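The values are calculated or read from the model by the stated rules, or taken from the named source; none is laboratory data. None of these values were measured; they are calculated from a predicted model. Every residue, glycine as well, gets a Cβ built from its backbone with ideal geometry; the counts of neighbours run over all protein chains shown. The area values use the complete protein model at the heavy-atom level, side chains included, leaving out ligands, DNA and RNA. Shrake-Rupley method; radii C 1.70, N 1.55, O 1.52, S 1.80 Å.
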Amino acid sequence: MSKMMWAGRFSKEVDSKVNDFNSSISFDARMYKFDIMGSIAHATMLGEQNIIDPEESKVIIEGLKGILSDIESGKLSFDPNAEDIHMFVEAELTERIGDAGKRLHTARSRNDQVALDIKLYLKHETVEIAALTKELITTVIDIAKQHLDTVMPGYTHLQRAQPITFAHHLMAYAQMLTRDLTRLHDCLYRMDVMPLGSCALAGTTYPLNRKRTAELLDFREITMNSLDGVSDRDFCIELCSCISILMMHLSRFSEEIIMWCSWEFKFIELDDAYSTGSSIMPQKKNPDITELIRGKTARVYGDLQTLLTMMKGLPLAYNKDMQEDKEAIFDAVDTVKLCISTFIPMLATMTVNKQNMRTAAAKGFINATDCADYLVKKGLPFRTAYKITGTLVALCIEKNTTLEDLPLSEYKKLCDTFDSDVYEAISLDTCVMQRNVDGGPAPSAVKRQIEALENTLNGIAF
Ligand code: ARG
């Protein structure tokens, strides 16, 4: 007869292909620790409430602890024929301690059990992702501190626009990543609500103390609707959204690094340990890591799409479709952790070619706005100043020169307001130094930005 726990109602064995199709042990086994922790808390509470004999509760807990340590030491391996991790642990427990093991599932269903396990697992993973994100932000800030006056071109439409500093550019990513961190924090807050006690869908007649179980498992709150408790996967979707946005930031950063490594830019060079060569072109040094991060962003977006689409048509409460949540969210979690932990040392070991950045900033009339602003500060309306500067730029292009090298006489021909102090006003360093507005690229402004962000980071509790 079938070994299935639910075999009682069935008159024949389930087809072995259906068995495999139905089974989730190959991917949910990774939650073993959280499944066992959840069961220990459940058994503790059942014993405290006298729903099961307190002595039996102790035996169950010892049995579960034994299973945990045997899995961890490699003594016990997962049975690939088990339906899922929950069934595996329960069957193993009953084999070890006999009838007491059969009492563990009192006032519980796999529906609330799996919801609990995923939450416990993802709470743990969210903290890990947050720690990595924080480390990445610190790495970015450390590099920024070394480049407060490294002038580089700032771009719009990938056209040189106005001069900035490398520190300022890097800090834009530190800001994005800090928002990611706060998003993870908010997500964790909403995730931190314990579903156990929802049972299959309609709660139970047993006098559970759900708050006690929540306390044992370090949850902030308990769910207040049993149907919602078992059928909610918002927390998977929300975490996957947070990860998707984080990956989008990593991907944009990666894209810039790819450009900066190219011969066309040569702003940075990646350490040999974080680049690869070509099998045919000896001169090549490829930024594969960043390309892979850009590529892996696509799969995380796919995971989010999977979760959203999987949930969109489900009636309340639990449906087996929801078993598909795990591979998607696990993949997203694994991917983002892998990407951040590879990105950090790659970033920390790259070399910055300050001279090339500066040379690029010196070209392309990047100081044209400052030239117009010079006239504005001398009393001209901005639009008039803008038009004059535009004409000057056209003149420079025609004469194959730059605003810095154009003789004052040429300036004066167009507008008498120009004086010899224009050269100082449009020098690259002045352009950057004077953008001291809060949020601007002047070294003093970026210093303030760094300080403020460091304060914010200290205030984010993880
Ligand atoms: N393996 C299942 C899942 O991941 C566990 C819950 C199964 N519940 C059920 N009633 N079949 O969703």
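Quick notes
- Share, in percent, of DSSP beta bridges within region 89-224 that are antiparallel, nearest 5: 75 percent
- For region 243-320, applying the loop criterion from DSSP together with a ceiling of 15 other beta carbons within 10 Å to the chymotrypsin sites (Phe, Trp or Tyr not before Pro) yields 263.
- Across 33/326; 75/123; 145/285; 377/412, pairs whose alpha-carbon gap is larger than 20 Å: 75/123; 145/285
- Percent carbon-and-sulfur accessible area, the chain, ignoring ligands, DNA and RNA, probe 1.4 Å: 53 percent
- Among the trypsin sites (Lys or Arg not before Pro) in region 194-299, those located in a DSSP loop and surrounded by at most 16 other Cβ atoms within 10 Å of their own Cβ are 220, 266, 284, 285.
- Against the criterion of solvent-accessible heavy-atom surface with a 1.4 angstrom probe, 438, 334 sort, most first, into 438, 334.
- Among the listed pairs 58/337; 134/320; 119/211, those beyond 26 Å (Cα-Cα): 58/337; 134/320
- Stokes-Einstein D for region 229-320, Kirkwood Rh over Cα pairs, 20 °C, 1.002 mPa s (µm²/s): 136 µm²/s
- Each peptide in 179-185, 156-162 was scored by the mean count of other Cβ atoms within 10 Å over its residues; highest first, the order is 179-185, 156-162.
- Around the amide H of residue 154, modelled in the peptide plane, lie the amide H atoms of 161, 162, 164, all under 5 Å away and 5 or more residues distant in sequence or on another chain.
- Other-chain or far-sequence residues with amide H under 5 Å of residue 286's (modelled H): 276, 277
- On a per residue basis, region 171-305 carries 48 Å² of accessible surface, using protein heavy atoms and a 1.4 Å probe.
- Taking a Cβ cut-off of under 12 Å around residue 447, the surrounding Lys, Arg, Asp and Glu residues balance to a net charge of -2, with basic ones at +1 and acidic ones at -1.
- Among the GluC sites (Glu not before Pro) in region 232-285, those placed in a DSSP loop whose Cβ has at most 16 other Cβ atoms within 10 Å are 264.
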